[in-house]
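Some notes on the structure that comes next.
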Amino acid sequence: MPIIINNEDKTYTLLTKNTMYQMKVDVCGVLEHTYYGPVMEYMDMHYGVECDMGPCFSPNPADGPDGVWAYSYNGINQEMSCAGIGDFRLTAMGVRNADGSFGAEPRFVSAKTEKGKYSLSGLPAFYGDKAETLVVTLKDKVHDVYFHLYYAVFEEYDLITRSIVVENKTDKSIKLEKAMTLTLDLPLGTYDMVYFHGRHTRERMLERTRIRHSQVSVASMRGASSHMENPFVIVCDKNANEEYGAAWGIGLVYSGNFLISAEKNLQEKTRVIAGINPENFNFEIEPNGEFACPEVAMVYSNEGFGKMSNSFHKAIRNNLCRGKYKNAQRPVLINNWEGTYFDFNADKLVAMAHEAKKMGVELFVMDDGWFGKRDNDCCALGDWVPNEEKLQGTLSQLAKRINDEGMKFGIWFEPECISEDSNLYRAHPDYAFAMPNRAPQVSRNQYVLDFSRKEVVDNIYNQMVKVLDGANISYVKWDFNRHITDLYSVALPAEKQGEVYHRYMLGLYDLLERITSRYPDILFESCSGGGGRFDMGMLYYMPQVWTSDNSDAIDRLKIQYGTSFAYPVSTMGSHVSVCPNHQNARVTPLQTRGNVAYFGTYGLELDVTKMTDEEKAEISRQIKEFKSYYDLIQHGDYYRLISPFTPDESLYCAWETVRPDGSEALVCAVRYETDANTAAEYVKVKGLCKDKLYRINGSEKTYLGAALMNIGLFLKYDFFSYPSRLYHITLA
Ligand code: GLA
């Protein structure tokens, strides 16, 4: 039973294979959060959050227990924290009542379980028949404002998801001024936050900081989750590492503005909140209306980050990604972007496809530049009409030419943006976000479409359908190459402008749902100037993301390593490109470029017609090798072995994928620093059977699993720049 309702103790307990989560209704009907940690026999865990500290300027609720000064909203570990009622900590929910007062005191009404996983109308969310749902309903002490707290338990993956649906049963409109999903009050302790910051071509750089009494936050106000922060953090014991210590992974299933924030309060308790960023947000709920907060996904591990990541990887692969490709072998693709940029015609693309096919590539992707007069990035976004001059015929004819080469055909779209120099903008300038009397800001020479308006979404939907129905298209890359400014919708009155960011996301999700469900056979890859929207929201619609516009194998080590804390390799678009690399001019061996791209979707992004015979032979070898390891890489347990963020500890970055039964593993080690006369290095392998014997790359010599896991694997040093090796470990 993953959910225990104990009406005597008034506790509600969620159980996964290894974790337990508990809440309890207290004397006043407040839902307290009492525990989230390792699984144990059922008991009422309330003693673990009791606190006899005096008031410290913390007020007591009017109906609080007589004489108990310590009873304050400002001290209680709460399952849902509300602003305006004397909780001076970080709070998640802010309700502006019809009378103008700001605050709500949620009190327990009921709790029930439901079979299967709850869903959230219009929002991405984990799914699964095997999950179970708990719904706890709270109601404001005064007004008929209800808070339905949804929890789903995925026992196998130690995954717990949460959402809140706010329901207005009063006869007047109310406003949510904050609608953050997560309040998580942790047991007393000293914690760090691990988070993944970045910028274009440097996404998801790992950083770690102590959570002290000042707020530690990661956030986006860009209208997208962004390259700069990722809506995923790990809150962990101060000593936690890959193998050791308590770690709570917290991810938002949302792609827009977000805030994840933590602080220690005056009682030395740590609170974490996560959800939609409250800045420039408020949302009206009409009488009998509802508002659903985006889902938060949580995994607790008491064995450090490695185990937590593995749980997220499995859950994302099996219960978040959808469609025929979520677990299927993805075709090896070639994308023409770095090979040609805008400078191509159909003959050029067909020539590339012809060469690529010979090496074993299966899908040809035509990137930006195929529509309107788009020979540079100054025009034509919004006009999704094939440029038949450039394509030397119709799109359908080009698709056929590529198909005739024995390859599938895919194309690029940027559905959410519009160029000033486009027919769509000339006809409907109001379709782009712009504030009254203020010229909108351009970014990459383009504006953002107002997807809070259904007619705008419909226009783009109809254009996309026309293209996708008109040619044999097997793949779509969905890009978004700027962030939102000038937020203002002409379709909404002044007092509802605070809804636009979120309504934009709802419009985008609606378009994604309509397009992806209409074309179940198309493989969709998400992109936003590379990895600017690598989040669980997008993965619900598209099972892979172009991880970064940086295709340099050495920079990719940090990017893919950082990405792996939450997201599985099956979601990481990774291509072999040309050297000197277009983003940093680095020259790396082709083999190293391949080895790094194997731990992702593997593809090519270069002009294959310009490659030497030797290079072509190497790519053919790589495609065969990648395919032979495909199942192991995509479905094995992934472990980070040596971090690329610690050059003072090792000159290598290493990661591994291992079959869950320990029968086979593949280790990839890349040397990213070159110094003379360095010491020998070993890497400790994970997940093997300790008393079984293994061979490495078919070696005569055999090694005990325990030895490979405790002494490690000797990393052979090849005397050239940026060498890398794969170590295939099989049972002897
Ligand atoms: C973005 C993408 C690139 C490419 C270009 C095309 O930058 O990340 O891969 O598609 O747009 O304009």
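The values are calculated or read from the model by the stated rules, or taken from the named source; none is laboratory data. The structure presented is a predicted model; accordingly, all values stated were derived computationally and were not measured. A quick note on method: Cβ atoms are made from the backbone with ideal geometry, for glycine too, and the neighbour counts reach across all protein chains shown.
Taking the criterion of being in contact with a Phe, Trp or Tyr (Cβ under 8 Å, 6 or more places away or on another chain) and of a type in the set (A, V, I, L, M), the residues of the stretch 75-103 that qualify are Met80, Ala83, Ile85, Met93, Val95. Count of the stretch 1-42 residues, restricted to those that are in a loop (DSSP other than H, G, I, E, B) and closer than 25 Å to Glu268 by Cα, is 6.
I'd like the residue in the stretch 330-351 that is part of a helix (DSSP H, G or I) and more than 16 Å from the ligand (Cβ to nearest atom) and, out of all such residues, is surrounded by the fewest Cβ atoms within 10 Å (Cβ to Cβ). Only one residue tops the list, namely Asp347. Out of the stretch 706-732, which residues are of a type outside the set (A, V, I, L, M, F, W, C) and either surrounded by fewer than 21 Cβ atoms within 10 Å (Cβ to Cβ) or in contact with a helix residue (DSSP H, G or I) (Cβ under 8 Å, 6 or more places away or on another chain) (or both)? Listed by number, the residues that qualify are Asn710, Gly712, Lys716, Tyr717, Asp718, Ser721, Tyr722, Pro723, Ser724, Arg725, His728, Thr730.
Listed by first and then second residue, the pairs with beta-carbon distance under 8 Å, at least 6 apart or on different chains, first residue in the stretch 491-513 and within 23 Å of Lys477 (Cα to Cα), second assigned to a helix (DSSP H, G or I) and of a type in the set (Phe, Trp, Tyr), are Tyr509/Tyr541; Leu511/Tyr461; Leu512/Tyr541; Glu513/Tyr541.
Restricting attention to the stretch 386-430, which residues are out of contact with any His (no Cβ under 6 Å at 6 or more places or on another chain), more than 16 Å from the ligand (Cβ to nearest atom) and among the charged types (D, E, K, R)? Answer for the stretch 386-430, where residues must be out of contact with any His (no Cβ under 6 Å at 6 or more places or on another chain), more than 16 Å from the ligand (Cβ to nearest atom) and among the charged types (D, E, K, R): Glu388, Glu389, Lys400, Arg401, Asp404, Lys408, Glu420, Arg426, Asp430. Being in contact with a Ser or Thr (Cβ under 7 Å, 6 or more places away or on another chain) and within 16 Å of the ligand (Cβ to nearest atom): is that true of Leu363 here? Answer is yes for this residue. Under the condition of being within 12 Å of the ligand (Cβ to nearest atom) and of a type outside the set (S, T, N, Q), the residues counted in the stretch 376-385 number 4. Looking at Asp87, Asp129, just one residue is crowded, with 17+ Cβ neighbours inside 10 Å, without any contact (Cβ under 8 Å) to a residue 60 or more places away in the chain and assigned to a loop (DSSP other than H, G, I, E, B), and that residue is Asp87. Considering the conditions (1) away from the ligand (no atom under 16 Å from the Cβ); (2) among the hydroxyl-bearing types (Ser, Thr, Tyr); (3) buried (at least 24 other Cβ atoms within 10 Å of the Cβ), Ser548 is excluded by exactly one of them, (1).
Quick check: is even one residue across the stretch 355-362 surrounded by 20 or more Cβ atoms within 10 Å (Cβ to Cβ), touching an Asp or Glu at 6+ places or on another chain (Cβ under 6 Å) and closer than 30 Å to Asn581 by Cβ? Within the stretch 355-362, none of the residues are surrounded by 20 or more Cβ atoms within 10 Å (Cβ to Cβ), touching an Asp or Glu at 6+ places or on another chain (Cβ under 6 Å) and closer than 30 Å to Asn581 by Cβ. In this structure, Ser474 does not satisfy being surrounded by 18 or more Cβ atoms within 10 Å (Cβ to Cβ), hydroxyl-bearing (Ser, Thr, Tyr), modelled with pLDDT of 95 or more and under 19 Å from Met221 (Cβ atoms).
Residues of the stretch 590-640 that are among the hydrophobic types (A, V, I, L, M, F, W, C) and within 21 Å of Thr571 (Cβ to Cβ): Val596, Ala597, Phe599, Leu604, Ile623, Phe626, Leu632, Ile633.
Answer yes or no: is there a residue in the stretch 640-655 that is part of a helix (DSSP H, G or I), surrounded by fewer than 19 Cβ atoms within 10 Å (Cβ to Cβ) and not β-branched (Val, Ile, Thr). Step through it out loud before you land on a result.
Let us first name the residues in the stretch 640-655 that are part of a helix (DSSP H, G or I), namely none.
Taking every residue of the stretch 640-655 in turn, none turns out to be part of a helix (DSSP H, G or I), surrounded by fewer than 19 Cβ atoms within 10 Å (Cβ to Cβ) and not β-branched (Val, Ile, Thr).
Determine whether Asp486 is of a type in the set (D, E, K, R), surrounded by fewer than 22 Cβ atoms within 10 Å (Cβ to Cβ) and more than 16 Å from the ligand (Cβ to nearest atom). Here the answer is yes, as Asp486 does meet what is asked. Only one of these is surrounded by fewer than 22 Cβ atoms within 10 Å (Cβ to Cβ) and modelled with pLDDT of 95 or more: Met193, Met205. Name it. One residue alone meets the criteria, Met205.
So which strands (runs of 3 or more DSSP E) stay within the stretch 200-246 end to end and still have 3 or more residues that are farther than 19 Å from Gly304 by Cα and hydrophobic (A, V, I, L, M, F, W, C)?
Values: elements: 205-210, 216-220, 232-237.
Of the strands (runs of 3 or more DSSP E) lying wholly inside the stretch 200-246, those with at least 3 residues that are farther than 19 Å from Gly304 by Cα and hydrophobic (A, V, I, L, M, F, W, C) span 216-220.
The condition (being more than 30 Å from Cys579 (Cα to Cα), more than 20 Å from the chain's Cα centre (by Cα) and at pLDDT 95 or above) is satisfied by just one residue among Asn302, Asn310: Asn302.
Apart from one condition, Gly369 fits all of (1) buried (at least 24 other Cβ atoms within 10 Å of the Cβ); (2) within 16 Å of the ligand (Cβ to nearest atom); (3) of a type outside the set (Asp, Glu); the exception is (1).
Quick one: which of Arg533, Arg503 is within 13 Å of the ligand (Cβ to nearest atom) and at pLDDT 95 or above?
On the way: Arg503 fails: within 13 Å of the ligand (Cβ to nearest atom).
Only one candidate passes the filter, namely Arg533.
Taking the criterion of being within 16 Å of the ligand (Cβ to nearest atom) and free of Cβ contacts under 8 Å to residues at least 60 places away in the same chain, the residues of the stretch 585-606 that qualify are Ala597, Gly600. Within the stretch 351-378, residues that are within 20 Å of Lys627 (Cα to Cα) sit with their Cβ atoms under 8 Å from residues that are within 10 Å of the ligand (Cβ to nearest atom), at 6+ positions apart or across chains, in these pairs: Phe364/Asn336; Val365/Asn335; Val365/Asn336; Val365/Trp412; Val365/Lys477. Considering the stretch 587-639, and only residues there that are within 26 Å of Val350 (Cα to Cα) and acidic (Asp, Glu), the residue that is surrounded by the most Cβ atoms within 10 Å (Cβ to Cβ) turns out to be Glu605.
Restricted to the stretch 506-530, and to residues there that are away from the ligand (no atom under 16 Å from the Cβ) and aliphatic (A, V, I, L, M), the residue that is farthest from Val365 (Cα to Cα) is Leu506.
Could you check how many residues of the stretch 233-262 are of a type in the set (Gly, Ala, Ser) and either closer than 30 Å to Glu495 by Cβ or free of Cβ contacts under 8 Å to residues at least 12 places away in the same chain (or both)?
Within the stretch 233-262, the subset of a type in the set (Gly, Ala, Ser) is 240, 245-247, 249, 251, 255-256, 261-262.
From what is left, the residues that are either closer than 30 Å to Glu495 by Cβ or free of Cβ contacts under 8 Å to residues at least 12 places away in the same chain (or both) are 255-256, 261.
Qualifying residue count, the stretch 233-262: 3.
Please go through (1) touching a residue at least 60 places away in the same chain (Cβ under 8 Å); (2) of a type in the set (Lys, Arg); (3) under 17 Å from Lys358 (Cα atoms) for Lys558 and return the number of the only condition it doesn't satisfy. It fails just one condition, (3). A Cβ distance below 6 Å, combined with a sequence gap of six or more or placement on separate chains, defines the contacts here; from the stretch 263-287, residues that are over 14 Å from Leu90 (Cβ atoms) and of a type in the set (S, T, N, Q) reach residues that are part of a strand (DSSP E or B) and modelled with pLDDT of 95 or more in the pairs Asn282/Lys175; Asn282/Glu177. Among residues of the stretch 526-538 that are without any contact (Cβ under 8 Å) to a residue 40 or more places away in the chain, none has a beta-carbon under 8 Å from a residue that is more than 10 Å from the ligand (Cβ to nearest atom) and of a type outside the set (A, V, I, L, M, F, W, C) at least six positions away or on a different chain.
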